[in-house]
Amino acid sequence: MTHCASLIDTLRRRGFRITPQREMIIQALAHGNAHATAEQVYTDVRQRSQAINLATVYRTLDLLVDTGLASRVLMADGQALYSTVQHGPHLHLVCRQCAATFTADASLLSDIEQVLESKYSFQADLQHISLVGVCEKCRGS
Ligand SMILES: [Zn+2]
Ligand SMILES: [Zn+2]
């Protein structure tokens, strides 16, 4: 089963109605680049159907996030990037001076995850987040 077919299948088994619009949006996210903004998904599906508006795209992407099938990461510029779960855990490091981005291993935060869990009984979603800081080049080292 292809990745997008299994996402659609999972939603259906959980009792969500899969409209043709939802299906197209899920396909666009699953088949596109690792990350997409809602606008990028919208541009993609509009090439195939005029019967989709941006609000539907947002609602469907939020549904995927709420059901754990996709994740949403807020970048420093306030843009939200979406990716499906197939796109595994990782962190985005964003330089606030030159806007360069780097990818880091999400397991770096497993200690923090455990402390939040044991001390605050809080289960943090740290598998796909962005951290803002200053990169090596901009630190002038
Ligand atoms: Zn920099
Ligand atoms: Zn990512």
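What follows is calculated from the coordinates using simple rules that are stated; it is not laboratory data. Being a predicted model, the structure only gives us computed values, none of them experimental. Glycine also receives a Cβ, built like all others from the backbone with ideal geometry; neighbour counts cover every protein chain displayed.
For the stretch 3-84, the Cβ-based charge dipole about the Cα centre amounts to some 340 debye (Lys, Arg positive; Asp, Glu negative; other atoms uncharged).
When a/c is below 1.5 the answer is rounded, else prolate if a/b is larger than b/c, else oblate, so apply that to the chain with a ≥ b ≥ c taken from the square roots of the Cα gyration tensor eigenvalues. Taking the square roots of the gyration eigenvalues as a ≥ b ≥ c, the chain is oblate. Derived from the Cα gyration tensor, the three semi-axes of the equivalent ellipsoid of the stretch 1-41 are 19, 12, 7 Å, largest first.
For the stretch 90-133, the share of DSSP beta bridges that are antiparallel, to the nearest 5, is 40%. When the charge dipole of the chain is built from unit charges on Cβ atoms (+1 for Lys and Arg, -1 for Asp and Glu) and taken about the Cα centre, the candidate among VAL73, ALA55, LEU93 whose Cα reaches farthest toward its positive end is ALA55.
Charged side chains reduced to their Cβ positions (Lys and Arg at +1, Asp and Glu at -1) give the chain a dipole of some 400 debye around its Cα centre. Checking every one of the chymotrypsin sites (Phe, Trp or Tyr not before Pro) in the stretch 1-96 against DSSP loop status and a limit of 15 other Cβ atoms within 10 Å picks out PHE16.
Taking label positions 7 Å along the Cα-Cβ direction at both GLN79 and LEU131, the computed distance is 2.2 nm, reported to one decimal.
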